[in-house]
1. Angle check, please: helix 38-57 long axis (alpha carbons) against the longest principal axis of the chain (alpha carbons), in degrees 0 to 90, nearest 10.
2. First select every other residue whose beta carbon is under 12 angstrom from the beta carbon of residue 38; then total the charges, Lys and Arg +1, Asp and Glu -1.
3. Return the carbon/sulfur percentage of the accessible area of the chain, one whole number, probe 1.4 Å, all protein chains in place.
4. Rule-of-thumb check for the chain: C-alpha Rg over 2.2 N^0.38 Å?
5. For a quick check, take a GNM of the chain with Cα springs below 10 Å and name the residue from 31, 20, 54 with the largest mean-square fluctuation.
6. Stretched out fully, how many nm does the piece from residue 10 to residue 56 gain, at 0.36 nm a residue minus the Cα gap?
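The values are calculated or read from the model by the stated rules, or taken from the named source; none is laboratory data. Computed from a prediction, not measured in an experiment: that's the story for all the values here. Backbone-built Cβ (ideal geometry, glycine too); neighbour counts: all protein chains shown. Just so you know, the surface numbers come from the protein's heavy atoms only, side chains and all, with ligands and any DNA or RNA stripped out. Shrake-Rupley method; radii C 1.70, N 1.55, O 1.52, S 1.80 Å.
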Amino acid sequence: MFNNLFTEISSPLDQFEIRNLLSIDAPILGNMHLSMTNIGLYLMIGTFLTLSLNLLATNYNKVVSNR
């Protein structure tokens, strides 16, 4: 039962493989090749979350009284 489960995994490093999610060949500035990989997607999600949390947490130096 478990023997069939592990036969498809050839290497434990397959989980870290960089895959192209979106690829564009643009002959605008020479032979330009633009691609969005899974690492780029993770970086964009992390940057978006960081900037949005920073924007939500910014108080713009307003002093709030303690009454």
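1. With rounding to tens, the tilt is 10 degrees.
2. 0
3. Carbon and sulfur together cover 64 percent of it.
4. Relative to the rule-of-thumb radius for its length, the chain sits at 2.06.
5. 31
6. 12.1 nm
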